[in-house]
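Participant: Can you keep this structure in mind? I'll have questions shortly.
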Amino acid sequence: MNEPAALSFSTLTPDTVLDALDSVGLYSDGRLLALNSYENRVYQIGMEQGAPVVAKFYRPARWSDAAILEEHAFVQQLVGHEIPVVPALPLAGQTLHRYQGFRFAVFPRHGGRAPELEDRMTLEWMGRFIGRIHAVGAIEPFRERPTLDVVSFGEEPREYLLTHGFIPDELADAYRSVAAQALEGVRRCFERAGAVRILRLHGDCHGGNVLWTDAGPHFVDFDDSRMGPAVQDLWMMLSGERADMVRQLSDLLAGYEDFFDFDPRELHLIEALRTLRLIHYSAWLALRWDDPAFTTAFPWFNTQRYWQDRILELREQIALMDEAPLWPA
């Protein structure tokens, strides 16, 4: 969790963005629109000739060059299997570029709307889409990108929060205790699931990373792609009461299993993975707290109420992890 000090996004001015594109032979007409992204900086940029492009400037020090290129290669492999994803454009034979210390990639612009995840046909279509991605993801492993596990998504984030002064003193003991109980519950869930298959994932598979058109869905961001169990790319599509999630899971798997077999033992991991995400998310905010974009966008973070709510949330997760897993109807 200890990312080194790095170049600040505060020096990434509009002129720097446009000059960076000039450096790879893409000449803008001056139109620049910042898109919704906190981890990186992403812009839609109008071109003197042709359609606009999207430029992603990677957060310094988060990924190695090799890890970014491995993500690009995975997405290109998906394109080779005719799966609708958005690959980085090769410019002068490269997909990763540098300008004034920043690393960036350029993508074709793809429009679309948010998927209607309450619709059963949409969920089944999403299941087919994710199943196709996993069929390719299982061909070979990542070698440069990490694995989603209890240590990297639970233990290390918890320790970072407790040792860097983010949790108020009067709540630190309560958070330490409930986080320890939650992580023990996570380990029990993984034990119940057993040795499930680990494969290349999208990694952050929620509706915000999917654009829908009349031709169906496509993913636009594989920045969090990593190794992990297949259910990681399914559970974030579920919402509502238990009965709602059972129905949604049934619809997803009806499409998913047209292209890839789902191991039902992974259902033991849904609440465990949710718990890990909750702990990891708080540490993610803490690690970015020197970025002014975060203090502006998340003013409620690091307040007394925020940590009280996180403690209550983890207590609820402890109980949920001891319940019977969701099972498709």
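Participant: Out of the residues in the range 236-279 meeting the condition of being within 26 Å of G154 (Cα to Cα) and polar (S, T, N, Q), tell me which one is surrounded by the most Cβ atoms within 10 Å (Cβ to Cβ).
Facilitator: Only one residue tops the list, namely T275.
Participant: Let me ask another. Based on what the data block shows, is L238 touching a Gly at 6+ places or on another chain (Cβ under 6 Å), within 15 Å of E118 (Cα to Cα), of a type in the set (A, V, I, L, M) and in contact (Cβ under 8 Å) with a residue 40 or more places away in the chain?
Facilitator: Considered against the rule, which asks whether it is touching a Gly at 6+ places or on another chain (Cβ under 6 Å), within 15 Å of E118 (Cα to Cα), of a type in the set (A, V, I, L, M) and in contact (Cβ under 8 Å) with a residue 40 or more places away in the chain, L238 comes out as no.
Participant: Among the residues of the range 280-306, which ones are surrounded by 13 or more Cβ atoms within 10 Å (Cβ to Cβ), in a helix (DSSP H, G or I) and without any contact (Cβ under 8 Å) to a residue 24 or more places away in the chain?
Facilitator: Initial filter on the range 280-306 (surrounded by 13 or more Cβ atoms within 10 Å (Cβ to Cβ)): 280-289, 291, 293-295, 297-298, 301-302, 306.
Now narrow it down to the ones that are in a helix (DSSP H, G or I): 280-287, 293-295, 297, 306.
Hits for the range 280-306 are Y281, L285, T295, Y306.
Participant: Show the residue pairs meeting these rules: Cβ distance below 6 Å; 6+ apart or different chains; first residue within the range 10-31 and closer than 15 Å to L96 by Cα; second residue among the polar types (S, T, N, Q) and surrounded by 10 or more Cβ atoms within 10 Å (Cβ to Cβ).
Facilitator: Within 6 Å, the pairs are L21/S28.
Participant: Next question, about the same structure. Looking only at residues in the range 90-122 that are more than 17 Å from H218 (Cβ to Cβ) and of a type in the set (S, T, Y), which one is farthest from the chain's Cα centre (by Cα)?
Facilitator: Within the range 90-122, the match that is farthest from the chain's Cα centre (by Cα) is Y99.
Participant: Find the residue count for the range 126-149, including only residues that are crowded, with 18+ Cβ neighbours inside 10 Å and assigned to a helix (DSSP H, G or I).
Facilitator: 11
Participant: Now for a separate question. Scan the range 202-217 and give yes if some residue there is over 30 Å from N40 (Cβ atoms), out of contact with any strand residue (DSSP E or B) (no Cβ under 8 Å at 6 or more places or on another chain) and among the hydrophobic types (A, V, I, L, M, F, W, C), otherwise no.
Facilitator: no
Participant: Among the candidates H218, H202, which residue alone is under 13 Å from the mean Cα position of the chain (by Cα), assigned by TED's automatic domain parsing to the domain that holds L287 and either surrounded by fewer than 19 Cβ atoms within 10 Å (Cβ to Cβ) or part of a loop (DSSP other than H, G, I, E, B) (or both)? Even if it seems obvious, please write down each step before you answer.
Facilitator: Details: H218 fails: under 13 Å from the mean Cα position of the chain (by Cα).
Among H218, H202, only H202 is under 13 Å from the mean Cα position of the chain (by Cα), assigned by TED's automatic domain parsing to the domain that holds L287 and either surrounded by fewer than 19 Cβ atoms within 10 Å (Cβ to Cβ) or part of a loop (DSSP other than H, G, I, E, B) (or both).
Participant: Sticking with this one: Of the numbered conditions (1) of a type in the set (D, E); (2) in contact with a strand residue (DSSP E or B) (Cβ under 9 Å, 6 or more places away or on another chain); (3) surrounded by 17 or more Cβ atoms within 10 Å (Cβ to Cβ), E48 satisfies every one except a single condition; which is it?
Facilitator: Here E48 clears every test but (3).
Participant: Still on this model: Could you list, in sequence order, all residues of the range 116-151 that are at pLDDT 95 or above and of a type in the set (S, T, N, Q)?
Facilitator: T147
Participant: Taking the stated definitions as given, is R103 in contact with a Gly (Cβ under 6 Å, 6 or more places away or on another chain), modelled with pLDDT of 95 or more and surrounded by 17 or more Cβ atoms within 10 Å (Cβ to Cβ)?
Facilitator: Values: in contact with a Gly (Cβ under 6 Å, 6 or more places away or on another chain): no; modelled with pLDDT of 95 or more: yes; surrounded by 17 or more Cβ atoms within 10 Å (Cβ to Cβ): yes.
So R103 fails the test.
The values are calculated or read from the model by the stated rules, or taken from the named source; none is laboratory data. Values in this document were obtained by computation on a predicted structure and should not be read as measured data. Ideal geometry is used to build each Cβ from the backbone, glycine not excepted, and the neighbour counts take in all protein chains shown.
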